[in-house]
Amino acid sequence: MNPRDKFVIRSSILELAETGTPRNISIDDKLRNEHKEREIEKTINIWDSITALGAQLSRPPYDPYREIINLGISIGRKQCLNKVVLSMPLIIYDNAIKIEETSLESLHIALDRLAIDSNTNLGLISENEIKNRKFSHFKRINKKSAKVEDYDSEGLVLQYNDDKSLQFLTDIRREFNGPILVEIDDDFQKYIGPLLDTGADGVIADTIKITNNARYKGKHALRVIRDVRYAINQYYAGRENDGIVLMVAGDFNNTGRIVKSAALGADIIGYYTSLLIANAANHYEISSNIHTVPDRICRHILATKGELKGVPAALGYSDFYNLSPADLRTSSIETSLQADIAIEGIDKTYRQIIEELIDEYASEKGIEMNKEKKRELVVQLLTHR
């Protein structure tokens, strides 16, 4: 008897002992399905299946060492009196993972040093009060009882929970002159209009939290970015965006992911505090301390800043925010569906291909089809592909 057969028999006996009832499906089928699911997860890496189109004759590349490549962004709508200007599209985002005090102190030292020595102002979102800092701080607030004057910060962050959150935002908006960002959940499409009407200067989509909820379970972070950007664009349909920003947070721990997310509509990337400290501070053989960690964080951020200038320059843009979905291609149907990215060599998304086939078939057969019926048919075909 080979080891695999022994494993199957042993597993069946253990399960019978635990449940008291025989299996209703073959354990071979269960193992096969689990293996198939793992293989699917391995083969579909949406991040790596996306490439960017390089500069062309009609759009020659820039030299980031000789020419100015803009990375700066202003947070605050037209009516916001005290806007916050970041030097690059990154905000350090406290993702509620417990981090030792020395690491947080090192982070604050690094952010101060970047602002003073390198003229690089990054924002930091956290619940903590931070005194005598040189960088911009967005205070996360939860209690309505707190007074605006108690917050020593340039911006505020609120969590949307229900309709009461809109009243809370209204009250805070009357008193606070800086930008207010609102963290949304997977039901954002139901309330994003009223949220922006009430005076939010931007929304924050934590893609890891959202993709763990029912509506986006199994979806990719890029699908979340696409959908939130679409909802914002629909809100501004027929008129100019007056400064709303979309910030996304999650597993955006390298330049490639930052650039791809920006091309799909993210204005700012929330770099998890835990990821930053892990990437910049702890992946070293030499022990970390309060003196060495700030240096490593500074070097990591400045290296990222240089890469963020180089990528749009290679694509032929002098402004990082000129990136768009049109600059991306994929060879993966799944990726095309999740993020509406054109398929390489075809320059159409998979959805567009299906829509064109339906139009051709309807035209050949003389079938009249309204937009709603066509939409239902497209969804059905894509769902059962």
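The values are calculated or read from the model by the stated rules, or taken from the named source; none is laboratory data. Remember, it's a predicted structure, so these values are computed and weren't measured experimentally. Counting neighbours? That spans all protein chains shown, and the Cβs are built from the backbone with ideal geometry, glycine included.
Brief remarks follow.
- Glu307 vs. criteria farther than 22 Å from Tyr230 by Cβ, under 19 Å from the mean Cα position of the chain (by Cα) and not small (Gly, Ala, Ser): yes
- Residue ID - modelled with the lowest pLDDT, chosen from residues in region 280-297 that are touching a helix residue (DSSP H, G or I) at 6+ places or on another chain (Cβ under 6 Å) and within 28 Å of Ile225 (Cβ to Cβ): Ala281
- When Gly123 is tested against (1) closer than 28 Å to Lys164 by Cα; (2) surrounded by fewer than 22 Cβ atoms within 10 Å (Cβ to Cβ); (3) of a type outside the set (A, V, I, L, M, F, W, C); (4) in contact with a Leu (Cβ under 8 Å, 6 or more places away or on another chain), just one condition goes unmet, and that condition is (2).
- Evaluation of Thr51 against (1) modelled with pLDDT under 90; (2) of a type in the set (S, T, N, Q); (3) touching a Leu at 6+ places or on another chain (Cβ under 8 Å) (one fails), failing number: (1)
- Some residue of region 61-70 being farther than 30 Å from Thr330 by Cβ, in a loop (DSSP other than H, G, I, E, B), in contact with a Lys or Arg (Cβ under 6 Å, 6 or more places away or on another chain) and at pLDDT 60 or above: no
- Region 308-340, subset in a helix (DSSP H, G or I) and aromatic (Phe, Trp, Tyr), residue surrounded by the most Cβ atoms within 10 Å (Cβ to Cβ): Phe320
- Of all residues in region 132-151 being modelled with pLDDT of 65 or more, polar (S, T, N, Q) and surrounded by fewer than 19 Cβ atoms within 10 Å (Cβ to Cβ), the one that is farthest from Gly270 (Cα to Cα): Asn132
- Inter-residue pairs, beta-carbon under 6 Å, first touching a residue at least 40 places away in the same chain (Cβ under 8 Å) and in region 291-304, second hydroxyl-bearing (Ser, Thr, Tyr) and surrounded by 22 or more Cβ atoms within 10 Å (Cβ to Cβ), 6+ apart: Val293/Ser106; Pro294/Ser106
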